[in-house]
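Worksheet for the structure shown next.
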Amino acid sequence: MVHAKTCTIDGIWSTIGTANLDRLSLQGNYEVNVAITDSTVAQRMAEIFEIDMANCVELTLDEWQSRSHIAKLTEALLSPWRPFF
């Protein structure tokens, strides 16, 4: 399994790769993406996104706010390390 980030824009341009759209990934990490200008690829990726969306479960704000105290404590303790990951 590969943990990739994917995107299509305007049914023509697509990107697949490891980079997040954040400062650390774009400036500091060794990340790689490929950009593809092909409507067939973009269409296929859009179809895959639709399949993925059908298998997703929405996380509501209420559900997020009612997560366990252990989860909240863990997040608070680890948050200072966030810029490094």
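Since every read-out is calculated from the coordinates, none of them should be taken as a lab result. These figures come from a predicted structure and were not determined experimentally. Here the Cβ positions follow ideal geometry from the backbone for every residue, glycine too, while neighbour counts run over all protein chains shown.
So if the hydrodynamic radius of the chain is defined as the Kirkwood radius over C-alpha pairs, what does Stokes-Einstein give as its diffusion coefficient at 25 °C and 0.890 mPa s, in µm² per second? Write down the numbers at each step before the final one.
Numbers: Rh = 15.8 Å.
In µm²/s, the coefficient is 155.
Which net charge results when you count Lys and Arg as +1 and Asp and Glu as -1 among the other residues whose beta-carbon is under 13 Å from that of Leu24?
My count for the surroundings of Leu24 gives 0.
In the Gaussian network model of the chain, springs joining C-alpha atoms below 10 Å, which of Ile36, Ile51, Ile70 carries the largest mean-square fluctuation?
Ile70
Hey, how many Å between the Cα centroid of segment 43-85 and the Cα centroid of segment 19-41?
Each part reduced to its Cα centre gives a spacing of 21 Å.
Take peptides 8-20, 54-66, 71-83 and line them up by average Cβ neighbours within 10 Å, highest first, as a rough protection proxy.
Ranked from most to least packed, the peptides come out as 8-20, 71-83, 54-66.
Need one number: nm distance between label points at Asp62 and Ser25, each 7 Å from Cα along Cα→Cβ, rounded to one decimal.
With each label placed 7 Å out from Cα toward Cβ, I get 3.2 nm.
If you fit an axis through the alpha-carbon atoms of helix 39-54 and take the longest principal axis of the Cα set of the chain, what angle between them do you get, 0 to 90°, nearest 10?
30
Considering only Arg67, Arg23, Arg44, give the residue with the highest GNM mean-square fluctuation for the chain, with springs between Cα atoms whenever their separation is below 10 Å.
Checking each option, the largest mean-square fluctuation is seen for Arg67.
Taking the Cα atoms only, what angle lies between the long axis of helix 69-78 and the longest principal axis of the chain, rounded to 10 degrees?
Helix 69-78 sits roughly 70 degrees off the main axis of the chain.
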